[in-house]
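Everything below concerns the one structure shown next.
The values are calculated or read from the model by the stated rules, or taken from the named source; none is laboratory data. Source: prediction; values computed, not measured. Positions of Cβ are backbone-derived with ideal geometry, glycine not excepted, and every protein chain shown enters the neighbour counts. All accessible areas refer to the heavy atoms of the entire protein, side chains included, with ligands and DNA or RNA removed. Shrake-Rupley method; radii C 1.70, N 1.55, O 1.52, S 1.80 Å.
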Amino acid sequence: MDEHTVAETTARCAATVAALATGLGGDFDAAAADLRRLPADRPVTGALAAALVVVALRSEPSAGAHRARHLDHLLGLADRHPPAAPEWPRLRAVAPTFAVVRTGAGGASFDTRSALAGDALLQRAAAAAAAAARDAAGSAVDIARSCLMGNDPAAAVQALDAGRALVLFAATEFLDVPARLERIGRSGLATRWRLAANGSADKPGDIPTDLRADVLAALSAGPGADGGRPAGPLAPPDLPEIRAALAGLDADALVYLLPATTAATGWAVMVPAAGPPSFMALPNLALDVDVDVEPLLATLSTRDPAAPDVGADTMTASLDILCDWAWRAAIGPLVERYLPELPTPGHRPPRIVLVPQGNLARVPWQAARRGDGTYAVQLAAFSQAASARMLCRSASATPVPVLPVGLVVGDPDTHGRAPELSAARVEAYAVHQAFYPGARYVGRRADGSPSRSGRGTAAEVREWLTTTRPAAGTMLHLACHGMIQPAEADTTSYLLLATDADGDRLSAEDLVIVLARAPERAIGLVVLAACRAGVSGRGYDEAFSLGTAFLVAGVRSVLSTQWRVPDRDTSVLMYLFHHFLMAERRPVWDALRRAQLWMLDPDRRPPAGMPRPLVRQLSEADPARVVAWAGVVHGGQ
């Protein structure tokens, strides 16, 4: 192309881009075609390509799907001469995922589909992976907001799930890699992985980045189990998969909560078990708008177990404000405006599975309180999921019945590394005696004496998690300490157990690896009465906690705690949960809800057979306090 033609083409393209950018309209395809003819090494070509990227990002859904197909080429041109505008790096980061959600993840190339997840999954260091995952989550929310502004909630769901729980999911995707590669006919790649890992499949952190990228490409390109859309690590579930999962779990809707910011409103994005997805604006959905709850939540979620308790009056007043805000900001609109539109189940209350984004993950949504004092848990049932991907994984697993056998761990002796949990000992021993008489009991008994069956070491828990002996049972109850470390550490959350030659810790990362070594082990229920067992150490959107580690590793149902729960009150709640589960044979999610409703009932009566020590604890506690019952959440089946 001669210089005269270059000048004419540049002028024509610039005029079209300007018309598109100002809303006057123009031929996007013609402008993209002009850019393909122009010299790629000229700054003006890069500037026009960047401007056309911005036009594509702001497109309505009807045009966005077509325009997104040009993004790979446009971004390549823009990257040669990046614009100096301060907002360009952010736009550049979210553009590839925009292409995913507009064109459909199933048909996108690996490079495009991995725009958000790839950076997190390809990191060798834990801190770098966590940082990449935080960036991915932020970019996913930006994309989702753009989709919602374009009236496209289905695309918003795809975008949101592309940025959720990436490090958590990678923890399973990089286990047993050689076997997975062999199954899809990539034996050469499997050999490269084995050599890089020195014969071990348990060292994903030692694998070079380029090899990890090749493996992700291979796994993502392989067909699913049914020969259909890819089932690899970067393929978020589509709407039919989510609907099927909800139906299988007997839930009415999956609801994402996106926090409001100073520049953007908050949103709820709803996917029902039947019907199209929808969304609603929630302008007050920001923790710093109505009430300053950050200090309270930080105290509840991260304080040292040995620290003195927050004053009861301060705690009560702060939680009251939080519960009132949670109703106004999100749960009230969902319960009063959205749930009535869904088919009314006759056999149970309405049931929602929440996926809260950002710091909204720390809010006890089931304790949202209506103006008349009614709590959300009294109107509907609430569970939580790390992502739609995790929801689908839980729903697809074969249910495992909970029988009166298993493993109960009661306040192991930490030799002063953490305070004693005397009420937890009473709880664990009572649960064992009343509901799981065939279970093994380890740790300390109610009177503080050591159990003759074991001290409650990490090795004993690991052995139970991997055994295939039928007599071992399928239920694990952990009444012990749960600890959190900074996200920069390789281990971010762990159970503190009794010391032996293998140490006294069992981390979330360890749990994933241990359970991966025993894929035939079927565990129906894990109850984490441990403090903060549901709090992520790698950022809210990463959701990498002790609870989610069990879920991603295949445990069917998990109860975990969002904050440092009070010892006496939680012991009563846990006993009541097992009562409704085993004596009344309720589903796990319903047994927890019934236990919470019992705590709120002013006319509550101890069930027949409740041990006297627990009855005494009940008389000394205030079970209706929000901090006493709302910190325990359900995940999984």
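For PRO364, the test of being open to solvent by less than 10 Å² (accessible area, probe 1.4 Å) and farther than 16 Å from MET280 by Cβ is passed.
Only one entry of ALA162, ALA213 meets the criterion of being modelled with pLDDT under 80 and either under 17 Å from the mean Cα position of the chain (by Cα) or closer than 30 Å to ALA264 by Cα (or both), and that entry is ALA162.
Only one of TYR429, TYR436 is buried (at least 24 other Cβ atoms within 10 Å of the Cβ) and closer than 18 Å to ALA472 by Cα. Can you tell me which? Give the steps one after another, and end with the answer.
Details: TYR436 fails: buried (at least 24 other Cβ atoms within 10 Å of the Cβ).
Exactly one residue qualifies, and that residue is TYR429.
Among the residues of region 353-370, those that are among the small types (Gly, Ala, Ser) and modelled with pLDDT of 95 or more comprise ALA367, ALA368.
Quick test for you: out of ARG425, ARG444, ARG440, ARG417, pick the one residue that is more than 32 Å from the chain's Cα centre (by Cα) and not small (Gly, Ala, Ser).
Numbers: ARG425 fails: more than 32 Å from the chain's Cα centre (by Cα); ARG440 fails: more than 32 Å from the chain's Cα centre (by Cα); ARG417 fails: more than 32 Å from the chain's Cα centre (by Cα).
It is ARG444.
Of everything in region 379-418 that is outside any loop (DSSP other than H, G, I, E, B) and of a type in the set (A, V, I, L, M), the residue that is surrounded by the fewest Cβ atoms within 10 Å (Cβ to Cβ) is ALA395. Looking only at region 165-177, which residues are open to solvent by 20 Å² or more (accessible area, probe 1.4 Å) and either at pLDDT 85 or above or among the small types (Gly, Ala, Ser) (or both)? The answer is ALA171, and nothing else. Which count do you get for residues in region 458-488 that are polar (S, T, N, Q) and surrounded by 23 or more Cβ atoms within 10 Å (Cβ to Cβ)? Count: 0. When the residues of region 216-243 are filtered to those that are at pLDDT 75 or above and in contact with a strand residue (DSSP E or B) (Cβ under 9 Å, 6 or more places away or on another chain), the one that is most open to solvent (accessible area, probe 1.4 Å) is ARG243. A single member of LEU300, LEU254, LEU296, LEU246 is assigned to a helix (DSSP H, G or I), at pLDDT 90 or above and surrounded by 20 or more Cβ atoms within 10 Å (Cβ to Cβ), and it is LEU246.
Restricted to region 459-568, the set of strands (runs of 3 or more DSSP E) holding at least 2 residues that are farther than 25 Å from ARG393 by Cα and modelled with pLDDT of 70 or more comprises 481-484, 493-500, 503-507.
Quickly run through region 134-154 and pick out the residues that are aliphatic (A, V, I, L, M) and either in contact with a Phe, Trp or Tyr (Cβ under 9 Å, 6 or more places away or on another chain) or modelled with pLDDT under 60 (or both). Listed by number, the residues that qualify are ALA137, ILE143, ALA144, LEU148. For region 580-592, filtered to residues that are open to solvent by 30 Å² or more (accessible area, probe 1.4 Å) and touching a residue at least 12 places away in the same chain (Cβ under 8 Å), the residue that is farthest from the chain's Cα centre (by Cα) is ALA583.
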